[in-house]
Amino acid sequence: MKQNNECSFEKKLNAYIAGELSEMEHNKVREHISRCHLCQNEIRTLQQVDNFLFQYTEDEVPAGLNEKILNSVSKSHSNPFMRKVVSFSIAASVLISFMAGIVLSNGLYAENTDSDITIGEDSLYSYFEGDYDV
Amino acid sequence: MKLSMNNYKFEVLLQNESKKLFNYLLKILRNKEDAEDILQETFIAFHKKMDSVKETSYKSYLFRTAYHKALNLIKKRNAKNKLVTNYNEMEHFEDKQPKNNEQQNELVKDALSQLKPEEALLMELQFYQKMNYKQIAETLETTQSAVDSKLVRAKKKLIKIINEQKKMQENNLSIV
């Protein structure tokens with residue numbers, strides 16, 4: 001019963017149509033098809049799909065779409081090296097400013113505290129010693 | 001130097017492949033605006049990764065990217081469309097009865113959109129992009145024997161769909 005409805009070659013038919021079999025296998029299948037009605041019918045059915053799909057006529061890409069794609073690409077990714085340079089420069093300048101800020105503020109703080117203590121000490125000392133003129 | 005070479009290659013690829021990709025997206029998405037958006041996203045994503053893709057795999061990469069992006073859109077669209085009734089869709093379809101080439105294209109799009117997106121991609125790669133099993137297997141990251149069996153399955157489904165379309169057309173003609 002199974003022999004009447006199925007053929008062991010059926011699984012090879014799609015690859016046969018697509019030219020995907022080795023030369024030896026291809027010849028073997030071709031020879032088989034010539035005497036197998038099931039396979040002949042199956043080939044016809046598979047070719048129906050090919051004929052159907054080849055009816056499709058390709059549409060054109062809408063005008064300006066390729067240019068639009070090129071523009072978006074050049075805007076966002078056209079120069080990754082320059083983007084890296086710019087990012088690095090910004091990061092470096094922020095870091096330098098920050099470091100300079102710390103150094104400067106430390107310097108000023110040290111300067112200010114030294115002078116205040118000196119003045120203060122001098123003043124108090126002078127006051128208690130009685131040198132301080134009121 | 002490398003950068004300008006890449007830009008040149010990108011432009012050439014865009015000129016050569018955009019039409020094929022656009023038509024593939026049209027077939028599975030059946031909407032021009034969506035196809036345009038996904039095409040644009042695909043090429044931008046490709047440009048970002050261009051350095052890490054082998055030149056011989058550019059086309060495969062583009063189709064794989066387009067497929068995944070289209071798939072995401074279809075999933076989102078399906079989630080939204082759950083609220084829309086089939087009745088409205090039928091009405092919309094009947095309003096836009098196309099003719100000649102456009103009608104044939106609509107039949108093909110209609111049939112392909114009834115397949116699973118992966119099956120539609122298989123059809124696209126074999127029939128329209130003329131890829132062999134090896135190239136299709138590379139694009140879909142699978143084996144050649146899997147490509148063969150999936151293609152057979154997809155073709156059988158398509159045959160059913162084509163026959164249903166024929167029946168519908170005959171019924172419509174008999175009503176007119």
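Rounded to the nearest 20, the size of the Cβ-charge dipole of the range A:2-53 about its Cα centre is 180 debye, with Lys and Arg at +1 and Asp and Glu at -1.
The Cα atoms of the range A:2-53 give a gyration tensor whose axes a ≥ b ≥ c have a/c of 1.5 or more with a/b no greater than b/c, which makes the shape oblate. Peptide A:12-19 has a mean of 4 when you count, residue by residue, the C-beta atoms of other protein chains within 10 Å of its C-beta.
Counting Cβ atoms of other protein chains within 10 Å of each residue's Cβ and taking the mean over peptide A:57-64 gives 6.
The label point for B:GLU102 and the one for A:GLU10, both projected 7 Å from the Cα toward the Cβ, are 4.2 nm apart.
Overall size of the range B:2-175 from C-alpha positions, given as principal axis extents largest first: 64, 35, 32 Å. Between A:HIS26 and B:LYS130, the FRET efficiency estimated from the beta carbon spacing at R0 = 22 angstrom works out to 0.75. Roughly how tilted is helix B:32-49, in degrees to the nearest 10 and between 0 and 90, from the longest Cα axis of chain B? It works out to around 20 degrees. Within the same chain, lysines fewer than 8 places from B:LYS76 are excluded, and of the rest, those with a Cα less than 21 Å from its Cα are B:LYS27, B:LYS32, B:LYS109, B:LYS116. Annotation for the range A:1-41: trypsin sites (Lys or Arg not before Pro) lying in DSSP loop with at most 10 further Cβ atoms inside 10 Å of their Cβ are A:ARG35.
Let me confirm one metric for peptide B:146-159, namely the mean number of other chain beta-carbon atoms within 10 Å of its residues' beta-carbons. Kindly include the intermediate steps, with their values, before the conclusion.
Working: counts 0, 4, 6, 3, 0, 6, 6, 1, 2, 9, 4, 1, 5, 5.
Per-residue shielding by partner chains comes out at 4.
For chain B, what is the calculated [θ] at 222 nm in deg cm²/dmol (nearest 500), taking -39500 (n - 2.57) for each run of four or more DSSP H residues and dividing by its residue count? Intermediate results must be reported in sequence, preceding the final value.
Values: 8 runs with 141 residues, N = 176.
Only helices count here, giving -27000 deg cm²/dmol.
Over what distance in Å are the Cα centres of the range B:102-162 and the range B:39-54 separated? Result: 24 Å between the Cα centres.
FYI, it's all coordinate maths here, none of it is from the lab. These numbers come from a predicted model, not from an experiment. Cβ sites come from the backbone with ideal geometry, for glycine too, and all protein chains shown count toward neighbours.
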